[in-house]
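To start, the structure under review is shown below, and the notes come after it.
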Amino acid sequence: GAGVSQSPSNKVTEKGKDVELRCDPISGHTALYWYRQSLGQGLEFLIYFQGNSAPDKSGLPSDRFSAERTGGSVSTLTIQRTQQEDSAVYLCASSSPTNRLSETQYFGPGTRLLVL
Amino acid sequence: DQQVKQNSPSLSVQEGRISILNCDYTNSMFDYFLWYKKYPAEGPTFLISISSIKDKNEDGRFTVFLNKSAKHLSLHIVPSQPGDSAVYFCAASTGTYKYIFGTGTRLKVLA
């Protein structure tokens, strides 16, 4: 398909384990974003990639969270030593910002993470 | 500190009537606003946007109004259809890639 894909769609893990969440953006999109949506909350910005570099990591909640992007395409969000408060839906989006007004972000379906 | 607020967590509207979803913001530097629609188990999809140089933008059944002095925007859906039932998020930006999202309003259109 041509949209943003994320895997896994659901992940249940035990507290203290590490998890990796994957995002495949739309082909050719240079910008990639990770967001988190906790229960009853809005979308919380985590990190922004332009190509392979991350000029803004300001939203990462702690040093247990890290993300990388390779080949200007696939991105992986890693959460180490997961805690119960990490349970949320993690959303990835991509965009092709050629000008301000076309900077629409296209979202994937999300990964639902549950930390027991 | 919630810079973008959607104070109504839910809204029910009869099919064919107007749905009005509201969004308030606190940062006067926001100059671009969007509405996204989200169905269960799917990611949000872009619906409509408005720049701060305008006070209205229309796209079919969807119209977004911006009142800069009140720091308020609203999304009007006329006429509402059952397929419009979803969670609607407003988002705002100061001219960068970074959007601040509201907490969403769940719209239910009753047949």
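The values are calculated or read from the model by the stated rules, or taken from the named source; none is laboratory data. Because the structure is a prediction, the values reported are computed rather than measured. In this analysis, Cβ positions are derived from the backbone assuming ideal geometry, glycine residues included, and neighbour counts consider all displayed protein chains. Note: accessible area is taken over every heavy atom of the protein model, side chains too, but ligands, DNA and RNA are not part of it. Shrake-Rupley method; radii C 1.70, N 1.55, O 1.52, S 1.80 Å.
Worth pointing out:
- Taking chain A as a Gaussian network of alpha-carbon nodes connected by springs under 10 Å, the highest mean-square fluctuation of the residues A:Leu60, A:Leu32, A:Leu43 belongs to A:Leu43.
- Rounded FRET efficiency, nearest 0.05, which uses the C-beta distance separating B:Thr45 from A:Gln80 and R0 of 30 Å: 0.40
- Accessible surface calculations at 1.4 Å, restricted to protein heavy atoms, place the protein assembly as shown at 47 Å² per residue.
- Across B:Lys37/B:Lys98; A:Lys57/B:Lys71; A:Lys15/B:Lys5; A:Lys17/B:Lys5, pairs whose alpha-carbon gap is larger than 23 Å: A:Lys57/B:Lys71; A:Lys15/B:Lys5; A:Lys17/B:Lys5
- The alpha carbons of chain B occupy a box of 40, 27, 21 Å along the principal axes, longest dimension given first.
- Solvent-accessible surface, computed for protein heavy atoms with a probe of 1.4 Å, shrinks by 20 Å² or more for the following residues of segment B:43-92 when the other protein chains are added to the isolated chain: B:Gly43, B:Pro44, B:Phe46, B:Phe89.
- Gap separating the Cα centres of segment B:45-111 and segment A:27-105, nearest whole Å: 23
- With a Förster radius of 41 Å applied to the C-beta separation of B:Asp59 and A:Asn52, the computed FRET efficiency comes to 0.70.
- Cβ-defined net charge surrounding B:Ser8, 14 Å radius [Lys, Arg +1; Asp, Glu -1]: +2
- Among B:Tyr88, B:Tyr39, B:Tyr97, the largest mean-square fluctuation in a Gaussian network model of chain B, built with springs joining Cα atoms closer than 10 Å, belongs to B:Tyr97.
- Accessible surface of A:Arg69 - all protein chains present, 1.4 Å probe, nearest 10 Å²: 10
- Hull volume in cubic angstrom per residue (convex hull over the Cα atoms of the protein assembly as shown): 127
- GNM remark for chain B: springs join alpha carbons under 10 Å apart, and the peak mean-square fluctuation among B:Asp24, B:Asp59, B:Asp84 falls on B:Asp59.
- B:Leu110 contributes an accessible area of around 60 Å² to the protein surface, as traced by a 1.4 Å probe with all chains present.
- Rounded percent of accessible protein surface that carbon and sulfur make up, the protein assembly as shown, 1.4 Å probe: 49
- Using a 1.4 Å probe over protein heavy atoms, the accessible area lost on pairing A with B, summed over both chains, comes to approximately 1700 Å².
- Candidate residues B:Lys98, A:Lys15, B:Lys56, B:Lys38: accessible-area rank, largest first, probe 1.4 Å: A:Lys15, B:Lys56, B:Lys98, B:Lys38
- Kirkwood Rh in Å, taken over chain A so that all alpha-carbon pairs contribute: 14.2
- Kirkwood Rh (inverse of mean 1/r, distinct Cα pairs), segment A:30-70, angstrom: 10.8
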